[in-house]
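The block underneath contains the structure these notes are about, expressed in structure tokens.
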Amino acid sequence: MKRNRKQIVKRAKKIQHIRLEKEKAVFMKLGAKIRAYFFTGILVTAPVAMTFYLAYKLIAWVDILVGKMLPPKFLPDTYLPFTIPGLGFVILVGLLILIGMFATGFLGKFFLKLGEWIVYKLPFISSVYSLIKQVFSTFLSNKNNAFNKVVMLEYPRRGLWILGLVSTATEGEIKEKLPEEMLNVFIPTTPNPTSGFLIFVPKSEVIEMDMSVEEAIKFVISGGIVNPEEEEDK
């Protein structure tokens with residue numbers, strides 16, 4: 001009787017242990033699913049939320065800037081009991097369009113050339129203005145893309161590879177001083193691709209990529225997390 005009782009107790013403990021293990025496994029699976037759902041929710045929500053937040057901050061900043069520049073009598077908020085978000089942004093876009101229309105006319109071109117002539121006479125300001133104008137002219141030009149292809153090259157030493165954006169082939173005095181055909185390659189940095197450095201690379205030492213410039217910039221911004229293949233699948 002005692003032996004049977006011990007066997008029954010031992011079997012009951014074993015069954016209870018198996019039941020507890022099963023319950024533990026169920027809760028672990030449930031916890032893993034909840035955690036996966038949580039991170040999926042972040043992945044889906046964060047880009048949209050951050051995009052709208054940055055857009056809101058930009059519009060609010062422009063509204064404040066335009067509100068300080070214009071006299072109060074020209075602002076609708078003075079006459080209305082509520083504010084109109086984005087009104088300053090609309091006014092700024094309209095002003096830029098009007099300035100562009102004026103600058104393309106005869107009188108606008110005259111004042112523009114006169115202003116540039118005055119700026120170019122100033123020692124330090126002239127070099128800064130010339131650089132900024134050239135950068136904006138390159139990036140906002142409709143005729144030529146600022147960068148026309150993506151390449152991969154070994155940098156800063158053999159065995160290490162990096163992505164670069166080709167602007168043009170090397171020309172002028174630099175081309176004459178170098179022994180072979182070179183490319184002007186801009187190396188963007190992570191996570192801010194607008195900063196980087198320019199290097200001159202032999203054309204024979206680069207590998208041309210099929211990805212677009214936009215895909216390469218996204219890849220650099222993400223630190224290698226967002227692959228071009230994933231963008232195509234989306």
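Going through the cross-link list Lys57/Lys218; Lys133/Lys177; Lys133/Lys203; Lys113/Lys133; Lys68/Lys113, which pairs have a Cα-Cα distance over 18 Å in this structure?
As for pairs spanning more than 18 Å Cα to Cα, those are Lys57/Lys218; Lys133/Lys177; Lys133/Lys203; Lys68/Lys113.
List the trypsin sites (Lys or Arg not before Pro) within segment 158-187 that fall in a DSSP loop (any state other than H, G, I, E or B) and whose Cβ has at most 11 other Cβ atoms within 10 Å.
Those that pass, being in a loop and sparsely packed, are Arg158.
Using the count of nearby Cβ atoms within 10 Å as a rough guide to exposure, how do Lys121, Lys218 rank from fewest to most?
Ranking Lys121, Lys218 by Cβ neighbours within 10 Å, fewest first, gives Lys121, Lys218.
Among the chymotrypsin sites (Phe, Trp or Tyr not before Pro) in segment 30-101, which ones are in a DSSP loop with at most 10 other Cβ atoms within 10 Å of the Cβ? Mind listing them?
Passing both the DSSP loop test and the Cβ count: Tyr79, Phe82.
Any read-out appearing in this document is the output of simple, stated calculations on the displayed coordinates, not a laboratory observation. Keep in mind that what you see is a predicted model, and the values were worked out from it rather than measured. Backbone-built Cβ (ideal geometry, glycine too); neighbour counts: all protein chains shown.
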